[in-house]
1. Does at least one position in segment 66-78 carry a residue that is modelled with pLDDT of 95 or more and outside any loop (DSSP other than H, G, I, E, B)?
2. Any idea how many residues of segment 1-49 are in a loop (DSSP other than H, G, I, E, B), within 16 Å of ligand 1 (Cβ to nearest atom) and under 10 Å from residue 59 (Cα atoms)?
3. If I ask for residues that are touching a strand residue (DSSP E or B) at 6+ places or on another chain (Cβ under 6 Å) and surrounded by 15 or more Cβ atoms within 10 Å (Cβ to Cβ), which ones from segment 31-41 would you list?
Ligand SMILES: [Zn+2]
Ligand SMILES: [Zn+2]
């Protein structure tokens, strides 16, 4: 399981603020707008998240997964 954070648009490592044709920007924006599998809210920027919980493209907020882990007693190593 990979963990990551999306940089805010317009920052050094973030995507372009406006419309552009960069594949990397499109991918970052797609992930930012993707919905967390646990809380149903978009992943957003500057928030830690986990990817690939067995299914490609599946994203969850780190805090959501850690909350579930805390409640169920299943350990999560970040
Ligand atoms: Zn761009
Ligand atoms: Zn969430």
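1. To start, the set of residues in segment 66-78 that are modelled with pLDDT of 95 or more comprises none.
Checked segment 66-78: no residue is modelled with pLDDT of 95 or more and outside any loop (DSSP other than H, G, I, E, B).
2. The qualifying residues number 0.
3. 34, 36, 37, 38
The values are calculated or read from the model by the stated rules, or taken from the named source; none is laboratory data. On a predicted model such as this, the values are computed, not experimentally measured, just so you know. All Cβ positions, glycine included, derive from the backbone under ideal geometry; neighbour counts span all protein chains shown.
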